[in-house]
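The values are calculated or read from the model by the stated rules, or taken from the named source; none is laboratory data. None of these values were measured; they are calculated from a predicted model. Positions of Cβ are generated from backbone atoms using ideal geometry, with glycine treated the same way; all protein chains shown enter the neighbour counts.
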Amino acid sequence: MEEKQVNQVYIKRTQKDYTMSFKLQVVAELEEGKLSVQGACDKYGIQAKSTVRDWLRKFGNLDWSNKHPLKMSKTPEQRILELEQKVKLLERQKQTLEKQVERADKKIILFDMMLEMAEKEYNIPVRKNISPE
């Protein structure tokens, strides 16, 4: 794959000089959302948008006719790794939430003590007495 550059602008390529790695690079950039089809043509000097679309159909991970990811079956090892990562994430979230609950409980106790002190010192009922109806 020879890239001819003139002031950072790619010159149009001739037909059939695209390597497999180049095609996969372009497809990866498109699927990551870094480029549009027209943007890829402009950036890399590809003559036709249909060429890029063909690469997407052949080498891409998305079903471009329906715009949905392909249902790729995962190996049991991949599934286990995925679930282990989810477990670790949930454990971290649980720890964070437990700390927040503990802090909230301490705040409630502190505020309750402050209210009792204010009621005793100023002899004013701060809390509302709501009777059940």
(request) Report, by residue number, each residue of the range 25-45 that is at pLDDT below 85 and not in a loop (DSSP other than H, G, I, E, B). (result) E31, E32
(request) Identify, from the list K94, K99, K128, the residue that is farther than 30 Å from N61 by Cβ and loosely packed, with under 10 Cβ neighbours inside 10 Å. (result) K128
(request) Could you please find all residues in the range 49-63 being of a type outside the set (S, T, N, Q), modelled with pLDDT of 85 or more and touching a helix residue (DSSP H, G or I) at 6+ places or on another chain (Cβ under 9 Å)? (result) K49, V52, R53, W55
(request) Mind listing whichever residues of the range 16-41 are surrounded by fewer than 16 Cβ atoms within 10 Å (Cβ to Cβ) and in contact with a Phe, Trp or Tyr (Cβ under 8 Å, 6 or more places away or on another chain)? (result) L24
(message) If I ask for residues that are in a helix (DSSP H, G or I) and of a type in the set (S, T, Y), which ones from the range 68-118 would you list?
(response) T96
(request) Could you tell me which numbered condition N66 fails, if it satisfies all but one of (1) at pLDDT below 90; (2) over 23 Å from the mean Cα position of the chain (by Cα)? (result) (2)
